[in-house]
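This report refers to the structure that appears directly beneath it.
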Amino acid sequence: MTDFGVSRALINEVFVDSGLEGDAVDLVEGRFGNVRPEWLHDNHFHSPARRRSPSASAPGRPGRRPRGPPSN
């Protein structure tokens, strides 16, 4: 909703240029924008085939157990 502005304090600035911005009238009338593909790409909403597991980039992160049987 853009009726109250767009700012970091309103936690909506990420949607600028997304194609999703709208006001209360748009909401009441059921008008929802279409997401721009460029915005999706720029904001890291990639296809599942291109996503990487967060754990794949941090193999030694705390709380992660090794695979396989426990060693004694």
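The ranking of LEU20, LEU10 by Cβ neighbour count inside 10 Å, starting from the fewest, reads LEU10, LEU20. Projecting label points 7 angstrom from Cα along Cα→Cβ for ASP3 and ASP23 puts them 1.0 nm apart.
Amide H contacts under 5 Å for GLY22: THR2, restricted to partners 5 or more places along the chain or on a different chain, H placed in the peptide plane at 1.01 Å from N.
We did not get these values from a lab; they are worked out from the coordinates using the rules stated. Keep in mind that what you see is a predicted model, and the values were worked out from it rather than measured. With ideal geometry, Cβ positions are generated from the backbone for all residues, glycine too; neighbour counts draw on all protein chains shown.
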